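To keep things clear, I will list the structure first and then write my remarks on it.
Derivation of every value follows stated rules applied to the coordinates shown; laboratory data play no part. Model, not experiment: these values are computed from the prediction. Note that we place each Cβ from the backbone using ideal geometry, even for glycine, and neighbour counts take in every protein chain shown.
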Ligand code: GDP
Ligand code: IMO
Ligand code: MG
């Protein structure tokens, strides 16, 4: 029997972030979910922070559970390409229950998904500072998946293994913890009480056991019988382990094609790719960011930590005088003001996000690399802030110069990417709030011009723009 052989079979769309993460993927998934039957994750884990704000003032930040939670008839699937933090997913399920979201019959977790073991988190905390990881053990977990075994000792432990023989595999998790502690010279204090760690993990596992999906053709069967599937990417193109700004990336493939590996479905079901970007870009963690306001100074400032906590958090920056910063000649100051006004602080880490001008070279790269069919630009409401700058115009990066030559692609190595000089153009700005507007024609002329310019320069249809964080604060464009 061939796949996709019946006219009643379903299809899959893939939604991905096109920049450095946090483009507002979740709010678009939440909006689109009503037209699908299954919302599925295919990569990453608790490093993601996906925020949904309903019109009724409910705000949730999801880490591992797909963003279709508010539609009780939709199934939520976590694919084999994801890495599962058992304790965190248990807490997430409990938190959702408190707001009357019951996942008991809706959530399926692939038995082939690897689990984050205690030593992954310990190693990440020890080794991830230079990249600025989220300290969720993501890199070490994917590394163990690639290593497979150390001699006779199994390194990659999957949900299905724990389901088959919990006693055996929890014992291996403890062995892995002890071996890693020895290798990294961790003290007993750093490890904590290992028996207690394992007990907590066992308790968490008992709670999520019923969600484990043993049928490795689960999603294929759903699609074959007509299900419409929406894949929800985590992280983003520039954080892809191969195509991003390596090594300042996450440890999974974030590109659209990865949905058909980590999402447990054949690519023959693919219908279209939806790309999400935001009008003012942001990045958390270290690494090249060509259009960053204030360049290296901003990178260093945002990454400054004291005792493992961000020094310039929202509570510190809230007291800065925004009007004065906006009028400054220094791009760095404008960036700080934009961060404060657009609330760009990490959902998972609370770090100040580095902010930058919308970069159309980078965006076009992501669109071309992924065959994006439809583009959504969030946070267009924030563009009005530029009216208060000295130039009173919206900046856009429209070209890259590398060693004096124009290039139309993202350099494939970090040294070259740090050397890139962006070419900036300016568009007219607009005043006032646009968050209440529902119709493209009713938007200020300058914002319409911005949308049309981005669409033209990127060669991709823009199907909607975010004009505020709430579900309804969105303008659909036909
Ligand atoms: P994700 O990781 O891509 O799902 O994005 P995050 O949830 O980490 O970050 C996006 C942030 O921007 C969230 O706080 C959203 O509520 C907010 N947001 C999304 N779209 C808009 C928009 O159009 N305007 C404004 N002002 N905020 C938005
Ligand atoms: P969502 O899905 C933004 C960044 C981290 C760090 C690098 C590696 O919410 O868009 P990791 O913990 O994955 O090993 O960290 O990747 N990062 C993200 N940045 N949004 C995310 O997810 C991210 N997930 C990881 O800040 O620079
Ligand atoms: Mg996020």
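Tell me the label-point distance for the pair residue 103, residue 408, using the 7 Å Cα-to-Cβ offset, in nm and rounded to one decimal.
Placing both labels 7 Å along Cα→Cβ, they lie 4.4 nm apart.
Note down the relative contact order for the chain as a percent, whole number, built from C-alpha pairs under 8 angstrom at least six residues apart.
On the way: 1018 pairs, mean separation 90.2, N = 478.
That works out to 19 percent.
With everything on Cα atoms, drop me the angle between helix 118-127 and the longest principal axis of the chain, reported from 0 to 90° to the nearest 10.
40
Based on the Cβ-Cβ distance of residue 309 and residue 191, what FRET efficiency does E = 1/(1 + (r/R0)^6) give at R0 = 22 Å, to the nearest 0.05? Write out the running numbers ahead of the final one.
Numbers: r = 22 Å, r/R0 = 1.00.
E(calc), rounded to 0.05, equals 0.50.
Can you tell me the 0 to 90 degree angle between the C-alpha axis of helix 194-208 and the longest principal axis of the chain, rounded to 10?
The two axes meet at around 80 degrees.
Sticking with the crude label model, points 7 Å out along Cα→Cβ, report the distance from residue 316 to residue 343 in nm, one decimal please.
Each label point is offset 7 Å from its Cα along the Cβ direction, giving 2.1 nm.
Over segment 77-172, what is the mean sequence separation of C-alpha contacts under 8 Å (at least six apart), divided by residue count, expressed as relative contact order in percent? The partial results should precede the final answer.
Values: 111 pairs, mean separation 26.4, N = 96.
This gives 27 percent for segment 77-172.
How far, in degrees from 0 to 90, does helix 445-458 lean away from the longest principal axis of the Cα atoms of the chain, to the nearest 10?
Between helix and principal axis, roughly 60 degrees.
To make sure I understand, if each residue's beta carbon is the centre and we count other beta carbons within 10 Å, what order do 429, 413 fall in, fewest to most? Please report the intermediate quantities before stating the final value.
Working: 429 21, 413 11.
Ascending number of Cβ neighbours within 10 Å: 413, 429.
From the helices alone, meaning DSSP H stretches of at least four residues, give me the mean residue ellipticity at 222 nm for the chain, per-run term -39500 (n - 2.57), in deg cm²/dmol to the nearest 500. Show your work: numbers first, answer last.
On the way: 17 runs with 156 residues, N = 478.
Here the helix-only value at 222 nm equals -9500 deg cm²/dmol.
Assuming R0 = 41 Å, what is the FRET efficiency of residue 323 and residue 165, from their Cβ-Cβ distance, to the nearest 0.05? If you can, show how the numbers build up before the last one.
Numbers: r = 63 Å, r/R0 = 1.54.
For R0 = 41 Å, the calculated efficiency reads 0.05.
Determine the gain in length on full extension of the stretch residue 183-residue 330; use 0.36 nm per residue of separation and subtract their C-alpha separation, reporting nm with one decimal.
48.3 nm
Ranking 150, 264 by Cβ neighbours within 10 Å, fewest first, what do you get? If you can, show how the numbers build up before the last one.
On the way: 150 13, 264 24.
The order, fewest Cβ neighbours first, is 150, 264.
For an R0 of 22 angstrom, estimate the FRET efficiency from the Cβ-Cβ distance between residue 272 and residue 217 and round to the nearest 0.05.
That gives a FRET efficiency of 0.40.
Put a dot 7 Å past each Cα toward the Cβ at residue 350 and residue 7; how far apart are the dots in nm?
Taking the simple label geometry, residue 7 and residue 350 are separated by 5.8 nm.
Counting just the Cα atoms, what span does the chain cover along each of its three principal axes? Round to the nearest Å and put the largest first.
If we take the Cα atoms of the chain, the spans are 65, 58, 45 Å.
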